[in-house]
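One structure below.
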Number of protein chains: 2
Amino acid sequence: MAIKDRKEREKLDKRKLIIESATRLFLEMGYEKTSIRTIADDIEYSPATIYLYFKEKDEIFFVLHEQGFDILNKEFATLGSIKDPFKRLAAMGKAYLDFAFKNPDYYDLMFIMRAPLTEIACHDKWEAGDAAISHLFKGVSECIDQKLIRDGDVFMISMTIWSYVHGVASLHIRERFKSVKESGDGEIQKMLKTSLDYFLAGLKV
Amino acid sequence: MAIKDRKEREKLDKRKLIIESATRLFLEMGYEKTSIRTIADDIEYSPATIYLYFKEKDEIFFVLHEQGFDILNKEFATLGSIKDPFKRLAAMGKAYLDFAFKNPDYYDLMFIMRAPLTEIACHDKWEAGDAAISHLFKGVSECIDQKLIRDGDVFMISMTIWSYVHGVASLHIRERFKSVKESGDGEIQKMLKTSLDYFLAGLKV
DNA sequence: TTGAAATATAAACAGTGTTTAGTATATTTG
DNA sequence: CAAATATACTAAACACTGTTTATATTTCAA
């Protein structure tokens, strides 16, 4: 059944074509302007065709959301060489914020938007997110073992750290810091760097 | 010119009518389902009429966003009686999270959505937000003066605290905690309470 | 009473995600 | 090889969205 195989390959190729178009449009024009019709236009097929390869728009953006996690997880993976778990945790915090500031659209999809949420719920395991979170768990758990940070439940402390960095990232992306105190991007960036240090110091025993 | 006065009153009355309808629909059905047409239907006018009283949809939601801040600021005001600035800060953190969990739609509008942002930029002072933030500034500044928390720039520390509580609130509202570890709402609530205590302890000298 | 100003709306514009019904092509079967 | 079937695709429609425009009606001042 070589023909069936080829057909399957072609089906996957078209899915890939759609995803590649969606990715480019998304990164160039943002979420709002990446509509089914603009993707269809881009790949020179009718909008209805896209629905032969994806159940709904969110299924496309779920794939993009996974791409974002791939980038973040790769960043985290490079920090594995840092032996001191607290220094590694600090580096992860910095890497997380760098990722958010450099890829605000991906960050939005991954942590702020409701868009891919129905899809996340479908796959009962949030694999993309789990990989990133387990890096955090590992760091926190080692810090506790070596008594580098104040004792407490690993999950609770991990969520505390995630909450802080997510708060910084999302308030910055949604421009709430600028609303509070009008200042240049550089100033805010500097303040946030100091803030991360201040937060991390608070974790120490 | 009594007639002109009456006309002005009537104009404000209709604005109020629109806002009241928008508020009810927003709280009952959420942001997505509160469209210009559903509001128009509700107040028994045509959609075009709404544009005689509001420049755009966001102008309506900017008013709702201000309503949210009124509620939050009232909560903060009741905490003014707490003399110990650190205890007051802790109470404010709890109040902030309580507000977010009880009024997720308002919270969304105030701190997560892009919707009222163009309007925020128009009014060059973000009055609604400023009132809330200045409560925080005051608390932080008093804590530093009395050496109750680690020294540092007032603005930076305030943003650190805001980032943490906003992170908790927004990750919870957008259901990212549930994605990480499937657990009941009660469990998460308890964990987050412990997390707040853990975070606050980290601020202390 | 007449003319101007204010108020309201039907209808249209341009866009969205999604579905349906129908066509053209490719493949399998008798 | 021809007929039947399965696949791939799309035009057009559906039900929405925010917003604008041209038109009609009402209200008030001169």
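The values are calculated or read from the model by the stated rules, or taken from the named source; none is laboratory data. Note that the structure is a prediction, hence the values are computed from the model and not measured. Every residue, glycine among them, receives a Cβ derived from its backbone with ideal geometry; neighbour counts consider all protein chains shown. Just so you know, the surface numbers come from the protein's heavy atoms only, side chains and all, with ligands and any DNA or RNA stripped out. Shrake-Rupley method; radii C 1.70, N 1.55, O 1.52, S 1.80 Å.
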Report summary line: Taking every alpha carbon pair in the protein assembly as shown and sorting the distances into 20 angstrom bins from 0 up to the bin holding the longest one, the percent per bin comes out as 23, 53, 21, 2, 0
Query raised in the report: Could you work out the helix-only [θ] at 222 nm for chain A, with each DSSP H run of four or more residues adding -39,500 (n - 2.57) and the total divided by the number of residues, to the nearest 500 deg cm²/dmol?
Result: -24000 deg cm²/dmol
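From the P(r) of segment B:149-205, can you give the percent of Cα pairs sitting at distances over 16 Å?
On the way: 777 of 1596 pairs.
When all Cα pairs of segment B:149-205 are counted, 49 percent exceed 16 Å.
Just list whichever of B:33/B:178; A:147/B:181; B:87/B:193 have alpha carbons separated by over 19 Å in the model shown.
B:33/B:178; A:147/B:181
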Report summary line: Scoring only Lys, Arg, Asp and Glu (+1, +1, -1, -1) among other residues with Cβ under 12 Å from the Cβ of residue A:72 yields -2
**Report entry** List A:49, A:38, ordered by accessible area with a 1.4 Å probe, largest first
**Finding:** A:38, A:49
**Report entry** Shielding of B:181-188 by partner chains, average beta-carbon count, 10 Å
**Finding:** 1
**Report entry** Accessible surface of residue B:135 - all protein chains present, 1.4 Å probe, nearest 10 Å²
**Finding:** 60 Å²
Requested in this report: In whole angstrom, note down how far apart the Cα centers of segment A:133-203 and segment B:8-72 are.
Outcome: 37 Å
Query raised in the report: To the nearest 0.05, how large is the calculated FRET efficiency for residue B:41 and residue B:146 if R₀ is 56 Å and r is the Cβ-Cβ distance?
Result: 0.50
Requested in this report: Name the residue, out of A:163, A:81, A:46, whose mean-square fluctuation peaks in a Gaussian network model built on chain A with Cα pairs under 10 Å.
Outcome: A:81
Query raised in the report: How many partner chain Cβ atoms sit within 10 Å of a residue's Cβ in peptide B:167-175, on average, as a whole number?
Result: 6
Query raised in the report: Using every alpha carbon pair in segment A:1-99, what percent of pairs falls into each 5 Å bin from 0 up to the bin containing the largest distance?
Result: 3, 11, 18, 16, 12, 10, 10, 9, 6, 4, 1, 0
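Using heavy-atom solvent-accessible surface (probe 1.4 Å) with all chains present, what is the largest-first order of B:185, B:124, B:130, A:151?
The most accessible residue leads, giving B:124, A:151, B:185, B:130.
How big is the Rg/Rh ratio for segment A:1-54, C-alpha atoms only, Rh by Kirkwood, two decimals?
Using only Cα positions, Rg/Rh for segment A:1-54 is 1.07.
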Query raised in the report: If we count GluC sites (Glu not before Pro) as exposed when they sit in a DSSP loop and have at most 16 other beta carbons within 10 Å, what is the longest stretch of chain B that avoids them all?
Result: B:57-174
Query raised in the report: Which of the helices in chain B, when you take each full DSSP H run, stretch at least 18 Å along the axis at their Cα atoms and have an average Kyte-Doolittle score of -1.0 or higher?
Result: B:2-29, B:57-78, B:85-102, B:127-145, B:154-173, B:185-203
Query raised in the report: Tell me, what is the FRET efficiency for residue A:20 and residue A:193 to the nearest 0.05, using R0 = 25 angstrom and their Cβ-Cβ distance as r?
Result: 0.10
**Report entry** Relative contact order, percent, segment A:1-54 [alpha-carbon distance under 8 Å, six or more residues apart]
**Finding:** 32 percent
Query raised in the report: Any idea what the relative contact order of segment B:57-203 is, in percent, if you count C-alpha pairs under 8 Å spaced at least 6 apart?
Result: 29 percent
Query raised in the report: For chain A, max minus min Cα coordinate along each principal axis, in Å, sorted largest first?
Result: 63, 47, 27
